[in-house]
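Chemist: Sharing a structure below in structure tokens format, with a few things to ask.
All of the numbers you see were taken from the coordinates with simple rules; none came from a lab. These numbers come from a predicted model, not from an experiment. FYI the Cβ positions are ideal-geometry reconstructions off the backbone, even for glycines, and counts take in every protein chain you see.
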Number of protein chains: 4
Amino acid sequence: MNKKREIESSVKDESLIEKRREQMIRGAVTLFKEKGFHRTTTREIAKAAGFSIGTLYEYIRTKEDVLYLVCDSIYDEVHSRLDRLDIEKGSISVLVAAIEHYYTLIDEMQDEFVVMYQESKSLPKDALNYVLNKELQMVAIFERLLTQCVDNEEIQMTPKEVVMAAHHLFVQGQMWAFRRWALDDFTIQEFIDIQTKFLLQGMAGENISIQEAKS
Amino acid sequence: MNKKREIESSVKDESLIEKRREQMIRGAVTLFKEKGFHRTTTREIAKAAGFSIGTLYEYIRTKEDVLYLVCDSIYDEVHSRLDRLDIEKGSISVLVAAIEHYYTLIDEMQDEFVVMYQESKSLPKDALNYVLNKELQMVAIFERLLTQCVDNEEIQMTPKEVVMAAHHLFVQGQMWAFRRWALDDFTIQEFIDIQTKFLLQGMAGENISIQEAKS
Amino acid sequence: MNKKREIESSVKDESLIEKRREQMIRGAVTLFKEKGFHRTTTREIAKAAGFSIGTLYEYIRTKEDVLYLVCDSIYDEVHSRLDRLDIEKGSISVLVAAIEHYYTLIDEMQDEFVVMYQESKSLPKDALNYVLNKELQMVAIFERLLTQCVDNEEIQMTPKEVVMAAHHLFVQGQMWAFRRWALDDFTIQEFIDIQTKFLLQGMAGENISIQEAKS
Amino acid sequence: MNKKREIESSVKDESLIEKRREQMIRGAVTLFKEKGFHRTTTREIAKAAGFSIGTLYEYIRTKEDVLYLVCDSIYDEVHSRLDRLDIEKGSISVLVAAIEHYYTLIDEMQDEFVVMYQESKSLPKDALNYVLNKELQMVAIFERLLTQCVDNEEIQMTPKEVVMAAHHLFVQGQMWAFRRWALDDFTIQEFIDIQTKFLLQGMAGENISIQEAKS
DNA sequence: CATGAATGAGACTTCATTCAT
DNA sequence: GATGAATGAAGTCTCATTCAT
């Protein structure tokens, strides 16, 4: 499995560590959103967190640790809010609810999503792998939901199509966070409705042959 | 309109400028892909381009200029290769061909696409605006194609759905560049086929009501 | 008025700032004297001050700040040593004492004077204005002294002549600092005596008409 | 003696050298006045002179050569305009005329004077010596004039006082070029008149004892 | 545990000078 | 003789990280 990476801290008191890291993450997200990881200095992070640069380094070892903590914490929150979707008995209506739930989540955590996707490339290799793996786990939730619909015979898809569809709807969610500059005519509800409509039709349609369309 | 930003050069010979910038862009894309804009030094760019740091600065004024040139050149290439799609008489089969053409293009220019989307946020504000505007122009090509299909009555969509659908398929294309790490089971042709199928069904399906699905 | 420009420092301890800037100024004066502002590097300044380049930049923001601090500190010292001359009841004997005091001061601070006058032109505009203004305040001390002598009827001068005379004796002082290469036959006392003699005669003499002399 | 330093040129045609250097000096003076020697680039000098950087270096070897040529040419012009003052039979009235002539000259060549005095410190050692020596020759003109007046018994001065007085009036002239920012209430004629008056009185006065004044 | 002053590697950029054309 | 593209040493400044208090 993909074990959580431990970030070393010279402080012993675990609850203090948690508290300080919380402060640090909150400050860092705002800064990263605003100026990106590279243009944000450790001093600024410390200041935004409400303590000194010296204290910051009591709780991390490198600046990249901060980025890792930020990404990890975002994923954790997303995960915990998506977990209830990971149920036994999926169906189209569950899927639709899941999408609404997920897209709403993205709308609420827009800044965090943008930061995570813009900056995670700056993580050290192993941290990046850890984070990408977490993302796959999230995609897998949708894969399972879709597979259950296929098993239900509510939709017809090959396994590969299921994988693709899961990524597909996942990425459309990111689009809401990333392309707000181009989608400012849409409300989140409109976005959800249209995307859901596309998706359902895309899955349920009576197999128009691509060959036919190409002709 | 959105005029091309002129990057100052202290060299006068226009054809030399073009040649050197070509070298520079080629080197920079590779480096940016590998380490990102911020971790790439100007010296490395110069070296990769095959000339000295002093020469580099004969053709640009700041490091950000390199990024701008890179993004601009990528857009230009994409534009020129997409231009033939911007025709008078669109139809479903033209649309399908366009998608195939576009996704193939992304496959071929994967590195460039990743660099452009990962790093353009580091552009100075006005350069960023210029680049985002160019992107909208590309989305608009697909909007026109879709609108023509609507006019043809080949598909039924509201204008807003057209906008969304254009972004939608545009973003799915980016997905191919960005999520190769997760899609390594798919060939580009599979990707195109599945995406096209989703799309066509999504548009052509007999309007499954979302409300119905939600129930 | 002409408020002192605050030079930003990222260090908080005010007394430390003062101490470090003191070191820095001392080192810089020597270097500027020797090689001028432009030929002196920030690294050399840091080294001469006894700390690292990083530390230097904890106490200033730009190299020009160093020059400003140097000029400001010199003016401050000169001012404080000239202040006692700014008295209520001036007279010729006070004026003579003042000149001796001032020229002695210049002799003792020769290096500083030369640096200040050679390099202040490299200050940013507002800093230059501040410094020139400070110089005018010093000239004004002599103007007041002269005006009091005029009021006393010890000397006869028009207000414009007073202004000119103040600049005149001020500049003669600078001459001692700047033209030592040409005046190495003179001791400071000889210089003071001769200058004072010229000055007193220049003011007290029975108005030889220039027209007469020109004839 | 102080032989003129030859500046090497790879061009043979002497009259061309002279012409090009003329252009170069004219451009350089303006630039040095505006931004100082160090902040002026060789490219700028070439451009202001009306030819390319390559051509500039056909006529000099280093940037400092330009400064030397500038200073030398200024001195030459001043010299040639002051030469007629170097006569056999001096007198007070000749002296007064000489001062007027000299101060007028400074007024007309203000920019050149400022450049020369501000920047000559940046000359290489031997060039600086050459230039300082030229200055001494100019002071010597006034020394001779004064000595002749002493010989005439028009004025009474010790030889040392003569030296000092020559420097004195020389420096007052520089004051007109350098302190215009503080003397903008004065016209050149007022300046000349007041300075001349001070000077004549300073020399002619009936030896007020300094000791007496100090008491 | 908290602080913040000190450090120095390393980044970007400039510009005097050269030399092939 | 003239040109201007190429060079790279050297300069200013930043910032992640350490460590004494």
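Chemist: 222 nm [θ] for chain C, helices only, -39500 (n - 2.57) per DSSP H run of 4+, per residue, to 500?
Modeler: -24500 deg cm²/dmol
Chemist: Output, in nm with one decimal and in ascending order, the distances from the D:GLU14 label point to the matching label points of the other copies (7 Å from Cα along Cα-to-Cβ).
Modeler: 4.7, 7.0, 9.5
Chemist: Using the count of nearby Cβ atoms within 10 Å as a rough guide to exposure, how do B:HIS167, B:HIS38 rank from fewest to most? Intermediate values should be presented prior to the final figure.
Modeler: Working: B:HIS167 20, B:HIS38 15.
Taking fewest neighbouring Cβ atoms as first place, the list is B:HIS38, B:HIS167.
Chemist: On C-alpha positions alone, give me the angle between the axis of helix A:14-39 and the longest principal axis of chain A, in degrees, nearest 10.
Modeler: Its long axis makes an angle of about 70 degrees.
Chemist: Starting from a label point 7 Å past Cα on the Cβ side, list the distances from A:LYS33 to the same position in the other copies, nm, shortest first.
Modeler: For A:LYS33, the inter-copy label distances come out at 3.3, 5.6, 5.7 nm.
Chemist: Something else about it: Could you check the spin-label model distance between A:ARG61 and C:LYS35? Points 7 Å from the Cα along Cα→Cβ, value in nm.
Modeler: 4.1 nm
Chemist: Run through the other copies and list how far each one's label point is from that of C:GLY50, in nm with one decimal, shortest first; the point sits 7 Å from Cα along Cα-Cβ.
Modeler: 4.1, 5.5, 5.8
Chemist: Can you work out the Karplus-derived ³J(HN,Hα) for every residue in the range D:184-192? Use 6.51 cos²θ - 1.76 cosθ + 1.60 with θ = phi - 60°, whole Hz, and x for glycine or proline.
Modeler: Each residue's phi maps through the Karplus curve to give 6, 7, 9, 8, 4, 5, 4, 4, 4 Hz.
Chemist: Projected onto the charge dipole of the protein assembly as shown (+1 at Lys/Arg Cβ, -1 at Asp/Glu Cβ, origin at the Cα centre), which of D:GLY202, A:VAL131, C:VAL162 gives the Cα projection farthest towards the positive end?
Modeler: My answer, from the dipole projection, is A:VAL131.
Chemist: If we count every other residue with Cβ under 14 angstrom of C:CYS149's Cβ, Lys/Arg +1 and Asp/Glu -1, where does the sum land?
Modeler: Within the 14 Å Cβ shell, the charges total -4.
Chemist: Using a Förster radius of 35 Å, what is the FRET efficiency between B:SER91 and A:ASN152 based on their Cβ-Cβ separation? Nearest 0.05, please.
Modeler: On the way: r = 36 Å, r/R0 = 1.02.
The computed FRET efficiency comes out at 0.45.
Chemist: Mind checking the dipole of the range B:8-61: about its Cα centre, +1 per Lys or Arg Cβ, -1 per Asp or Glu Cβ, Debye to the nearest 20? Mind showing how you got there, number by number?
Modeler: Numbers: 11 positive and 8 negative charges, 55 e Å.
Roughly 260 debye for the range B:8-61.
Chemist: What ranking of A:PHE37, C:PHE32 emerges when the number of other C-beta atoms within 10 Å of each C-beta is taken as an exposure proxy, fewest first? Kindly include the intermediate steps, with their values, before the conclusion.
Modeler: Numbers: A:PHE37 22, C:PHE32 26.
Arranged by neighbour count, lowest to highest, A:PHE37, C:PHE32 become A:PHE37, C:PHE32.
Chemist: Also: When a/c is below 1.5 the answer is rounded, else prolate if a/b is larger than b/c, else oblate, so apply that to the range B:64-203 with a ≥ b ≥ c taken from the square roots of the Cα gyration tensor eigenvalues.
Modeler: Note, shape of the range B:64-203 comes out oblate.
Chemist: Just how large is the dipole of the protein assembly as shown about the Cα centre, in debye to the nearest 20, putting +1 at every Lys and Arg Cβ and -1 at every Asp and Glu Cβ?
Modeler: With Lys and Arg at +1 and Asp and Glu at -1, about 1420 debye.
Chemist: OK, next. How big is the gap, in Å, between the Cα center of the range D:3-47 and the Cα center of the range A:118-183?
Modeler: 68 Å
Chemist: Between chains D and B there is a rotation axis; tell me the chain D residue with the nearest beta carbon and how many whole Å away it sits.
Modeler: Its Cβ sits closest to the axis: D:GLY54, 4.
Chemist: If you put +1 on each Lys and Arg Cβ and -1 on each Asp and Glu Cβ, how big is the dipole of the range B:64-203 around its Cα centre, in Debye rounded to 20?
Modeler: Working: 11 positive and 25 negative charges, 76 e Å.
I would put it at about 360 debye.
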